[in-house]
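The structure under discussion appears below in the form of structure tokens.
The values are calculated or read from the model by the stated rules, or taken from the named source; none is laboratory data. Just so you know, these numbers come straight off a predicted model, no measurement behind them. When we count neighbours, we look across all protein chains shown, and the Cβ atoms used for this are built from the backbone with ideal geometry, even at glycine.
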Amino acid sequence: MVEGPLTNATVFLGGGRITGALAAGLRLAGDRRRIIVYDRHPEKLRALRRESRVELARDLKSAIEQAELLIVAVRPMSVNGMLAEVAACGARLPRLCISLAAGIPLRNLRAWLGRPVHWVRAMPSPVCRIGRGLTPVTFDRSVTKAERARVRQLFELVGPVLDLPARQMDAITATHSPTHGYHVLAALAKAARGAGLDHKTALIAAAHGLADGIEYWRQSGQSLDELLAEAATPGGIAAATMAAMERSGYGRAVTNGIRAGVRQARKNARR
């Protein structure tokens, strides 16, 4: 348990999946900062403590009093209640706080805590666990230049960082999730099995079809349109495959999925 008056820790409120991924990514990058985690269910944090050498807070007030940086990492429907507890616990708050809650806008965070905190929203990908996760960030107007640099430096330890205006956060949240990759990989491998490949070969082929194409796009210097045109040789297998997928509504399905994600983010904002 955390003891003493130190105030130089990065404190997470919530010990779920994204806290675990960030802590693991930071340790992988060689970061040795004190990480304190507060969660109402401390028993689930044992593995996190073993994996990433985090400290477990004995209570909310002691965690916040040691925070140099406070990261709110609870589910969107729990943010309001958690910030109410923070406001009521009597602890001195750090000046800089980061919310990882999808869809909760900066105006809500300011209103719910009701104190002079400088708020940042960030949406790190769980892939930050291996140092490759994109983190979109948006800053409240009160956040200073030095504080912005500090936030970027934190998330750059676990992958690229993308500054965005607040109005774009819902769209990128729905778009940059690695779930898209898992979903497409599963669907492509299933279709390959239906075409005659065994399970292992289908999964390998599908993974290479996705990962190799993306890596080549990143390194080749060619635009996505150029690569698609190059692949779509008339009479070729790739051209026939892509045309059939489009006729079946592939593009429409993806568009509908992104729109549904944005709607859910906006629903979270009304909680």
### Summary
Here the residues within the range 212-225 that are in contact with a helix residue (DSSP H, G or I) (Cβ under 9 Å, 6 or more places away or on another chain), outside any loop (DSSP other than H, G, I, E, B) and farther than 20 Å from residue 185 by Cα are 220
### Query
Assuming residue 268 fulfils every condition listed in (1) modelled with pLDDT under 95; (2) of a type outside the set (D, E, K, R); (3) over 30 Å from residue 149 (Cβ atoms) apart from one, which condition is it?
(3)
### Task
Please specify each residue of the range 230-258 satisfying the condition of being in a helix (DSSP H, G or I) and either touching a helix residue (DSSP H, G or I) at 6+ places or on another chain (Cβ under 6 Å) or surrounded by 12 or more Cβ atoms within 10 Å (Cβ to Cβ) (or both).
231, 238, 239, 240, 241, 242, 245, 250, 254, 257, 258
### Query
Hey, does the range 91-101 have a residue that's crowded, with 18+ Cβ neighbours inside 10 Å and part of a helix (DSSP H, G or I)?
no
### Message
Just checking, does the range 52-65 include any residue being modelled with pLDDT under 95 and in contact with a His (Cβ under 9 Å, 6 or more places away or on another chain)?
### Response
no
#### Entry: Selection count where residues are touching a strand residue (DSSP E or B) at 6+ places or on another chain (Cβ under 8 Å) and either in a helix (DSSP H, G or I) or of a type in the set (Phe, Trp, Tyr) (or both), scope the range 169-197
3
### Message
Of everything in the range 122-158, what is among the β-branched types (Val, Ile, Thr) and part of a helix (DSSP H, G or I)? Give them in sequence order.
### Response
127, 130, 151
#### Entry: Given (1) over 12 Å from residue 13 (Cβ atoms); (2) in a loop (DSSP other than H, G, I, E, B), index of the condition residue 74 fails
(1)
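To keep it simple, each residue is scored yes or no on (1) within 18 Å of residue 177 (Cβ to Cβ); (2) in contact with a Phe, Trp or Tyr (Cβ under 9 Å, 6 or more places away or on another chain).
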| residue | (1), (2) |
| --- | --- |
| 72 | no, yes |
| 88 | no, no |
| 92 | no, no |
| 113 | no, yes |
| 138 | yes, no |
| 160 | yes, no |
### Summary
Going through the range 153-168 in order, the residues found to be surrounded by 18 or more Cβ atoms within 10 Å (Cβ to Cβ) and in contact with a strand residue (DSSP E or B) (Cβ under 8 Å, 6 or more places away or on another chain) are 154, 155, 158, 159, 161
### Message
Between a residue in the range 25-37 that is surrounded by 15 or more Cβ atoms within 10 Å (Cβ to Cβ) and any residue that is part of a helix (DSSP H, G or I), which pairs come within a Cβ distance under 6 Å, given they are 6 or more apart or on different chains?
### Response
25/128; 25/129; 27/52; 35/23; 36/63; 37/45
